[in-house]
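Comments concern the structure below.
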Amino acid sequence: MRGYIIKHALFFMLHDYFVYGNIENHDEIRMALIEKMQKLQCRRLYTLSKKAPTEEEREAAKQEYLELVGKVRANAIIG
């Protein structure tokens, strides 16, 4: 299993949320986890677009990556 790095602030918010039942930061935690998942998906697709075994798979991953990056950037501008 791989490990993933999260920000200290998110870790402490998660700790307080699950250990102490502190729901004050629920929306912040939710948004931070969504952002982290988008970054993980972008990285996976980028890597696949470079290292997939066939040209078709690389091109499909590249297109999906570009679409996801466009959505993330659009959400960042709106948000």
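A short reminder: the numbers here are calculations on the coordinates, not readings from a lab. Keep in mind the model is a prediction, meaning the values are calculated, not measured.
Miscellaneous remarks
- The sum of -39500 (n - 2.57) across all DSSP H runs of n ≥ 4, divided by the residue count of the chain, sets its helix-only mean residue ellipticity at 222 nm to -27000 deg cm²/dmol.
- Global geometry of the chain, whether rounded, prolate or oblate, following the gyration tensor of its Cα atoms and the 1.5 cut on a/c: oblate
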